[in-house]
Amino acid sequence: MAQLLITGGAGFIGSHTCLVLLAAGHHLVVIDNYDNSSPESLRRVAELAGPGASGRLAVVEGDIRNAADLERAFAAAPADQPIEGVIHFAGLKAVGESVRDPLRYWDVNLSGSRQLLASMQAHGCRTIVFSSSCTVYGLPETVPIRETAPIQPINPYGHSKAAVEQLLADLATSEQGWRIARLRYFNPVGAHPSGRIGEDPSGIPNNLFPFVSQVAVGRRERLQVFGGDWPTPDGSGVRDYIHVMDLAEGHQAALDKLMKEAPQLLTVNLGSGRGLSVLEVVRAFESTCGRPIPYTIVERRPGDAAITVADPALASERLGWRTRRSLAEMCRDGWAWQNANPTGYGG
Ligand code: NAD
Ligand code: WQD
């Protein structure tokens, strides 16, 4: 089993992935500055992983932009079992905020990644799984989207992700031995089925699923559906939602592949290949929680695409991984989390 460094491991996707990796027997060091998360998530991960596993989880509060903080994280691994691989989740992800404050996004996402890669190089660690995003495709010309589609992001968040992807490719060219996976996630939703860990956005959620669950739990009055005249079967936007536990297992599959094969640069979509409309999500959530989700159809949101769906064939071929969980499971687990934790980790 490997000793791994997980950046941003206290966050939504990171916490679920930590749980999957602990269950698989790995030893983890997490570095997180809690900019968008709470130490409580990792306490619950340790609790869910069980007494045998929690001794394999070390947590370092620190910032990936800070070389000294990263040194502390590398030093948290035992001397005879140094960090062999990194899963790099840490970053900022709110599209609108990135438009308002591009300097911060380029700083955390690009400078943070650059510092992380420099620290890895200094420690002779050349295995990294990077959280990229379908956002690098911008407004797709054809769907489903293949990995060969043009990279043409339309906002600073997307530009920063595309830049890190490029940096990773440049590194792989510059020096032999790098094992790199660039994973382009589509729309991660849901929670661990225990309802103990889940997504805990601060402020008003930007994304559909957390907004819908906050309406269901009574924290918000009604959903605004952004556009009812898209060229889709019911007029609302279509996306490729992926259960966060499927996504966590996708990271495990990518890491296993990198560690057992020759050095490589792997780029894959992590999605289901199945499009679901906003109104389908609303109806499924209503039937799960047994409550109506009031909504109003309003103007389209600037920058949105009508349909964004992954072609998941390459992930299946290269990783032997595909999504297994249904929309009903996304709603069931997301609702279990929201209902038991109406104010997230703060409540
Ligand atoms: P999240 O905000 O829940 O998790 C990110 C974590 O990184 C948080 O715990 C945050 O505190 C930490 N962090 C931020 N800046 C840091 C810094 N400078 N140093 C150390 N830690 C820092 O987000 P998430 O949804 O779990 O996303 C994880 C990654 O996946 C991000 O890189 C995001 O861009 C990417 N991604 C997310 C989605 C999505 O819809 N959730 C989709 C595609 C890609
Ligand atoms: C989904 C659908 C909206 C909120 C975002 C990021 C992307 C990636 C995934 C990180 C769309 C509609 C939403 C609401 C609505 N993240 N909607 N009312 O925009 O596909 O992707 O998350 O990398 O970069 O942009 O996800 O959840 O915001 O929207 O009608 O209150 O729901 O118009 O059709 P999106 P989303």
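The values are calculated or read from the model by the stated rules, or taken from the named source; none is laboratory data. Worth saying up front: this structure is predicted, and the values here are computed from it rather than measured. Because the Cβ atoms are built from the backbone with ideal geometry, glycine has one as well, and the counts that use them run over all protein chains shown. Surface areas here come from the heavy atoms of the whole protein model, side chains and all, with no ligands, DNA or RNA. Shrake-Rupley method; radii C 1.70, N 1.55, O 1.52, S 1.80 Å.
Quick notes on this structure:
- Computed helical MRE - 222 nm, the chain, DSSP H runs ≥ 4 contributing -39500 (n - 2.57), nearest 500: -11500 deg cm²/dmol
- Convex hull volume per residue, computed on the Cα atoms of region 51-167, equals 140 Å³.
- Most simply put, the chain has about 5% antiparallel DSSP beta bridges, counting only bridges with both residues inside it.
- Stretching ARG114 away from ILE204 to a fully extended chain increases their span by 29.3 nm, per 0.36 nm per residue minus the current alpha-carbon distance.
- Gyration tensor analysis over the Cα atoms of region 273-347 returns equivalent ellipsoid semi-axes of 26, 20, 13 Å (largest first, whole Å).
- Label positions at ALA67 and SER194, each projected 7 Å from the Cα along the C-beta direction, are separated by 3.9 nm.
- Distance between the pseudo-spin-label points of THR296 and ALA23 (7 Å out from Cα toward the beta carbon): 4.2 nm.
- Segment TYR34-ASP304, length gained on full extension (0.36 nm per residue, minus Cα span): 94.3 nm
- Considering the chain, its Cα convex hull presents a mean projected area of 16.1 nm².
- For ALA122 and ARG104, the difference between the fully extended length at 0.36 nm per residue and the C-alpha to C-alpha distance is 3.9 nm.
- Per residue, region 72-174 exposes 45 Å² of accessible surface when a 1.4 Å probe is rolled over the protein heavy atoms with every protein chain present.
- Percent accessible area from carbon and sulfur atoms, region 3-346, protein chains only, probe 1.4 Å: 50 percent
- If R0 equals 25 Å, the separation of the Cβ atoms of GLU329 and ASP234 corresponds to a calculated FRET efficiency of about 0.70.
- Two-site label geometry, ASN339 and ASP170: point separation in nm, points 7 Å out along Cα→Cβ: 5.0 nm
- With contacts taken as Cα pairs under 8 Å at a separation of at least 6 residues, region 232-299 carries a relative contact order of 46 percent.
- Cα centroid separation - region 200-276 against region 6-75, whole Å: 22 Å
- Relative pair counts by distance (%), Cα atoms of region 136-220, 10 Å bins: 13, 31, 29, 21, 4, 1
- Accessible area expressed per residue, region 277-347, with surrounding protein chains retained (probe 1.4 Å, Å²): 51 Å²
- Qualifying GluC sites (Glu not before Pro) for region 185-268 [loop in DSSP, other Cβ within 10 Å: at most 16]: GLU221, GLU261
- With contacts taken as Cα pairs under 8 Å at a separation of at least 6 residues, the chain carries a relative contact order of 19 percent.
- Using a Förster distance of 22 Å, the FRET efficiency for ASP80-ASP256 (Cβ separation, nearest 0.05): 0.45
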